[in-house]
Each structure stands twice: as C-alpha cells, then as structure tokens.
Amino acid sequence: MAATVGVNDVEVGTELPPQSFTLLRVNLVKYAGASGDFNVIHWNERVATEVGLPNVIAHGMLTMAEAVRVVTDWCGDPGAVIEYSTKFTKPVPVPDHDAGATVDVSGKVIEVLDAGRVKVELTATCEGVRVLGMARAVVQLA
Amino acid sequence: MALNIELVGKQYPPQTYEVGREKIREFAAAVGDENPAYHDVGAAEALGHGDLVAPPTFAVVVTRGSQLAVIDDPELGLEFSRVVHGNQKFQFTRPIVAGEVLQTTASVHSARTMAGNDILTIRSDVADQAGAPVVSVFATLVARAVEG
C-alpha cells in the first residue's frame, strides 16, 4: 500500500480537502444496479412517500461511498483505508429535478494512532442537515 | 413475529464471490468515482496492488448474498418491510482486489429489542481461498416498532 500522505505531514486537526457530491435520480438507479440493492424507496416516489419518506431517498451505502472519497482522494491509495464506519442519521431525499441533492463532505484528523495510522472524522450534510453520524475512518499513512 | 434474540451467534453457510475487474469499474462508475486505482490496472499496480483495487464500500457487494441469507432466515423473524439501515462498519485486514475468489461467512452478531424497535447486527467475515481474513463487515438493521 502506498498512501502519498505521510504520518509526519498531519496532526490532530489537519483538515482534508472538502468535496460536494451531486446525486440525481439516475445516480440512484446506477447505484441500485451496481450494488444489487433494488429497494423501491430508492427509485419509486409513490412508494417512498406512501411509507412516510419526504421523497425517494439515496441508498445510505451510496452516501457512505461518496463520503469516503474525501479520504481516498486525500491519502492517495484507497487500499490505505483500514476501517470505516458510520451511523445513518437522516435520509438524503433526491427530488426528481436536474439539480437533485447535494451532499457536502468535510473531514479532519481527530487522532494519531500507532504504526502510522490516523483516525479521520467525516461530516456529511445535505441542505445543512447531518446525514451521517460518527462517520470515522482509520487510514494507514506512509 | 418478534426478532428471535436467541439466534445471536448463529453462523450461516459460507458463500463464494469472485471479484471481477468490470464489476469494480461498474461500481466505481456508479458512485462517480474516477480514482484510477479502480479503473486502470497499471495505476493500481503502481500503488502496490496486484490488480484493480476495490473501493472500501465495495465489500457490501461481496457480502450481499450472505447477508440476505440471514435476513431471509425464517427463524430470525425480522420484519424486513419496516427495516432501515442504522449503522455500517468495515474492518479491513487488507483491501479487496480484482481476480480473487472470496468466501463470506455471515453470523448474527447481535440482536435486541429496544423501545419496540428490533435491532439486528449482521457480521460478515470475508476470507481468501487460503482462509486468511480480508475484511469484516458489520451491518446494523433497525425494524421500526409498529405504531399504535
């Protein structure tokens, strides 16, 4: 594995470059196909609203997949992610228009561990609402 | 039928998954992730991987079949129509790469009822052909209480 960021380059509080991800209905359809998760609440507005959701919602695992890009783009090697966990605190509604939904993700180092590893905390929001809770990754740095 | 908390520790038969390059590319493209390590074998090799490396959350594709076997277990009594995804955790021993054949063994990691909600954590342990661990995946599902 070959992270391009060294453990000596970071300290507690080091911020990772933030990113924004746009999710359109087509992205949910693509993710359903690629992941095999065809739960109707991710593509059928009638069923989603019938079960009390504000709209079709993104797969939690899609939001999780987007959020970790802040880590993998920063550290230089996706294989350097040793641990990754989150709670799904709020759904990401994806309206049927060209703007879709936007998920804003930022991250910072919250702990320097042994053996060149660091713990990163991610913050993911959609229209100012936190959609992931306790989103954390342990990364093996160079 | 309520969640059967006595099934904690139950293991399910292992399932095999062969990791394909095109599946990794498809998954990364679906997420909109153009990281070259997911698309270009040379780029992945330059990072020290034997083939295309899979995105961290690709492990859900590998473990999906074994997780469904738990969810569909009639002894478990999980009300799937009321289920929301509560938590997810991946613990990697090493990354998943294209071309390998993996075996996933799922088990009921925890099961409890709190305030009428059924809370189930499925653990999926992924190993290579030699039996060496690759990743452990924990998915917590919450079946919301029936209102009224």
Checklist entry - Per residue and in Å³, how big is the convex hull formed by the alpha-carbon atoms of region A:1-93? => result 122 Å³
Next on the checklist: I'd like to know how region B:25-85 sits against the 2.2 N^0.38 Å rule of thumb: what's its Cα Rg over that expected value?
Outcome noted: 1.57
Checklist outcome for this item: Averaged over residues of A:19-29, the number of beta carbons from other chains lying within 10 Å of each residue's Cβ is 1
Checklist entry - Relative to the longest principal Cα axis of chain B, at what angle does helix B:59-71 sit, 0 to 90 degrees, rounded to 10? => result 20 degrees
Checklist entry - How far, in degrees from 0 to 90, does helix A:25-35 lean away from the longest principal axis of the Cα atoms of chain A, to the nearest 10? => result 70 degrees
Checklist outcome for this item: For chain B, the charge dipole (Cβ of Lys, Arg +1; Cβ of Asp, Glu -1; about the Cα centre) points to a positive end, and the Cα of B:Asn117, B:Val60, B:Val101 closest to that extreme belongs to B:Asn117
Item to check | Charge context of A:Leu122, other residues only, Cβ under 13 angstrom, K/R +1, D/E -1 | outcome: 0
Checklist outcome for this item: Computed over chain B: longest principal axis from alpha-carbon atoms vs helix B:21-31 long axis, angle to nearest 10 degrees, is 60 degrees
Item to check | Cα point-scatterer Debye curve for region A:72-142, base-10 log of I(q)/I(0) at q = 0.12, 0.14, 0.25, 0.27 Å⁻¹ | outcome: -0.39, -0.51, -1.08, -1.18
Item to check | Set of aspartates and glutamates near A:Lys30 by C-alpha distance (under 18 Å), chain-local residues within fewer than 8 positions excluded | outcome: A:Glu45, A:Glu66, A:Asp96, A:Asp98, B:Glu22, B:Glu26, B:Asp33, B:Glu34
Checklist entry - If you take the alpha carbon radius of gyration of region B:8-148 and divide it by 2.2 N^0.38 Å, what ratio comes out, to two decimals? => result 1.16
Checklist outcome for this item: For the B:Arg94, A:Thr89 Cβ pair and Förster radius 22 Å, calculated FRET efficiency rounded to 0.05 is 0.15
Item to check | Cross-link reach list, lysines versus A:Lys108, counting only Cα pairs under 22 Å and skipping chain neighbours closer than eight places | outcome: A:Lys87, A:Lys90, A:Lys119, B:Lys89
Checklist entry - Magnitude of the Cβ-charge dipole of region B:57-116, K/R +1 and D/E -1, about the Cα centre, nearest 20 debye? => result 280 debye
Checklist entry - D for the protein assembly as shown, whole µm²/s, Stokes-Einstein with Kirkwood Rh over alpha-carbon pairs at 20 °C and 1.002 mPa s: what number? => result 110 µm²/s
Item to check | Average accessible surface area per residue within region A:77-130, 1.4 Å rolling probe, Å² | outcome: 46 Å²
Checklist entry - At what distance in angstrom do the alpha carbon centres of region A:98-142 and region B:15-77 lie from each other? => result 21 Å
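The values are calculated or read from the model by the stated rules, or taken from the named source; none is laboratory data. As the structure is a prediction and not an experimental result, all values here were calculated from the model. Virtual Cβ from ideal backbone geometry, glycine too; neighbours counted across all protein chains shown. To get the accessible areas, we keep the full protein, side chains included, count just its heavy atoms, and leave off ligands, DNA and RNA. Shrake-Rupley method; radii C 1.70, N 1.55, O 1.52, S 1.80 Å.
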